[in-house]
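Read the figures in this text as sums done on the coordinates, not as results from a lab. A quick note: this is a predicted structure, and the numbers were derived from the prediction, not measured. So basically every Cβ, Gly included, is an ideal-geometry build from the backbone, and we count neighbours across all protein chains shown.
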Amino acid sequence: MNRDFTTKRLRLGERAIELVLFVAAASAIAIIGGILYVVLSEAIKFFGQVSFLEFVTSTVWTPTFDNPSYGIAPLLSGTFMSTIVALAVAVPLGLLVAVYLSEFASSHIRELVKPTLELLAGVPTVVYGYFALLFITPLLQRLLAPFGIELPGFNLLSAGIVMGLMIIPTIASLSEDALRAVPRSMREGSAALGATRLETALRVVFPAAVSGVASAVILGMSRAVGETMIVAIAAGQQPVIVTSPTQQGATVTAFIAQVALGDIPFGTLEYSSIFAAGLALLVLTLVFNLVAFALQRRFREAY
Amino acid sequence: MSADAAPGLDIAAHPPGLKLRKFKGASFVFWGIVATFVGLGTLVALVSQLVHDGGHRLTLDFLGSFPSTDPAEAGILSAWVGSILVIIATAFIAVPIGVLAGTYLEEYAPKNVITSAIEIAVNNLAGVPSIIFGLLAVGLFVQAFNLGQTILTAGLTLSLLILPVVIVTTREAVRGVPQEMRQAALAIGATKWQATQDHVLPYALPGIVTGIIIGMSRAIGETAPLILIGGLTFVAFLPITRPGDSKFEVIGAVDEYGAPVTPEASESVRIAQDGVVVLPDFSEMPVKAGQVVDLPHGASVQSSATWGDAVQSWTPTHWLGSEFTVMPIQMFNWTSRPQAEFLEIAAAAGIVLLAITLLLNGLAIWLRYRLRKNINW
């Protein structure tokens, strides 16, 4: 009898614990839901006063003017420009590192380099911002001066370059995982046909891992798009449509931070506008992430 | 392989162009190493730039002083204390939820729609830009829940931010525990939770701790979401003591841009903490936190309470409701100022911040390495 009681009590306890664990896990859904709710509800307030058409077609972003105009295009152009620069730095470097580590380096070197590179991803972004403003920008100014290019103190180029350095570990590490997941037999088959290591790496292993590599690049891109501090510090705050990385410009994230730095005027259109900008950002990064995960799944299924 | 042997039959002969092809391989290795060193070189350049700019400002005084309008006197006392308090709040929220959630997904979760919804949510959460968490915090914690721009709000926000990190690493660590451990426990009559609690989790602990450390290091360096919930840039009090700690007499007033003000010129300032304004004629005027007053030239702001009051009113949790600043925000604020002296102390703050995060990351890497080496199932 006593034993029965124990089992029953245990069972109840077990059920309770399972419930607690479930609630903890389900909080992830609640958080995503909370984010969507908050951003959407404020953005809807915003679109009640500003037409969606103006938001996507106007080329002027001047929310603080007396006669405000809300076109997201300038902010998006800043975001895209800095992201393109970041990718131009991080994709070649990251992929070189990934192929080198996975196909050429000894396991010793790999074990040493990978964690050290991961330290790069751990550097606080505000420190990167400082680095962009006070190291990269002066360096570029000196390098570009002979070509007659005058680089302003705030510019998207140096912010983008530093963002690129920041996402090298993301791209290198995830691509390396994808490359290493390609079965050994494929490399051996290629070598047996007389290919050199490099030929095997570039024509057999890399194409086989391409969806995983693409997923790594997209995740890196998503990080660059969402990066705030580096651009807020080093890229300037002028929301104009940028056509060259040597210009200064504001990104979506930098605008949100800029408004937040003042006293946030709760309940005003300006307050709602940071949520509308946030919505644009959220949509961009969610799309990137979903594409990346779909690609990742594809490369996992292949082998 | 000489020329007079039958040329077409010599299968051991090197095919034409092999030298070039091998050279391409070798030069690729060269460029691979160069690329690797660009990454490592960045770290070196970063550290040396910070040390060059701010190394000489990194003194004990700097760690023990409050921010000030005078860069020569400014320090990061309130910033590092704030960072520690925010991290404590973050850990208390993120660690239990994250570890329990990770354990659930790995040990308990049935394969169904809800589980895959949770997994999709965790994956997507990891990809949400940090500033969006700031928007969530403003809309939900500050506005809807009315928690104010406090350490509690900051801790909640950052814990949501690092939750995916803790969940994912917990899952990996739990997955790494061999099935036999569970079976052995279940075979001698343990319930599922007993097996999990007494056998799986202890063996997964080093892996879980690694994840927690990485999450903490991310939280310490995070700036953007805290800017949104209004981490102050000028805090001349320690949230851990009550306002009015007599050791730190200046309460601090900020102008409408949030910049610190020594009320020497007549201006409208916002009072950061309860206290007393001493007017130029030495008459006193009590002020409340948040109040906006016009201070005449020569006024000074002092706290009204004494050290004794501070001790008396101390409670284990009151700091959660205190306003705060953290190191990244302090550094950001100094970086955005034009004067070179502020850039120097920004660099000094950067050194401290970088040292802490690199140390934590290094610790996590070392733990992971030890883990792989020591455990042979």
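Each Lys and Arg Cβ is given +1 and each Asp and Glu Cβ -1; about its Cα centre, chain A then shows a dipole of about 1080 debye. Enumerate the helices in chain A for which the Kyte-Doolittle hydropathy averages 0.5 or more and the C-alpha atoms extend at least 30 Å along the helix's axis, using complete DSSP H runs. Helix filter hits for chain A: A:2-49, A:73-99, A:156-180, A:269-302. Rounded to 0.05, the FRET efficiency of the A:Ile84 and B:Ile188 pair, given R0 = 51 Å and the Cβ-Cβ distance, is 0.25. Under 5 Å from the amide H of B:Gln149 lies no amide H of any residue 5 or more positions distant or on a separate chain, with H modelled from the backbone and absent for Pro and chain starts.
Shown here is the pair-distance distribution of the stretch A:1-142: with all Cα-Cα distances grouped in 5 Å bins from zero up to the longest one, the shares run 2, 7, 7, 9, 9, 10, 12, 11, 9, 8, 6, 4, 3, 2, 1, 0, 0, 0 percent.
With N the number of residues in the stretch B:37-140, Rg(Cα) / (2.2 N^0.38 Å) evaluates to 1.64. Close amide-amide hydrogen proximity is noted between B:Val287 and B:Gly275, B:Val276, B:Val277, each under 5 Å apart and 5 or more residues distant or on a separate chain (H modeled in the peptide plane; Pro and chain starts excluded).
How charged is the neighbourhood of A:Thr200? Take every other residue with its Cβ under 13 Å from the Cβ of A:Thr200, and add Lys/Arg as +1 and Asp/Glu as -1.
Values: positive: A:Arg184, A:Arg187, A:Arg197, A:Arg203, B:Arg21, B:Lys22, B:Lys24; negative: A:Glu103, A:Glu188, A:Glu199.
Value of the local net charge: +4.
Couplings for the stretch B:132-147, taken from phi via the Karplus curve 6.51 cos²θ - 1.76 cosθ + 1.60 with θ = phi - 60°, read 5, 5, x, 4, 4, 5, 5, x, 9, 6, 6, 7, 6, 8, 6, 7 Hz in order; Gly and Pro are left as x.
Size of the stretch A:219-263 from its Cα atoms: along the principal axes, largest to smallest, the extents are 31, 25, 15 Å. Close amide-amide hydrogen proximity is noted between A:Ser69 and A:Thr62, each under 5 Å apart and 5 or more residues distant or on a separate chain (H modeled in the peptide plane; Pro and chain starts excluded). The HN-Hα couplings worked out from phi for the stretch B:186-202 by the Karplus form 6.51 cos²θ - 1.76 cosθ + 1.60 (θ = phi - 60°) are 5, 5, 9, x, 6, 7, 4, 5, 4, 4, 5, 5, 8, 10, 6, 4, x Hz, whole numbers, x standing for Gly and Pro.
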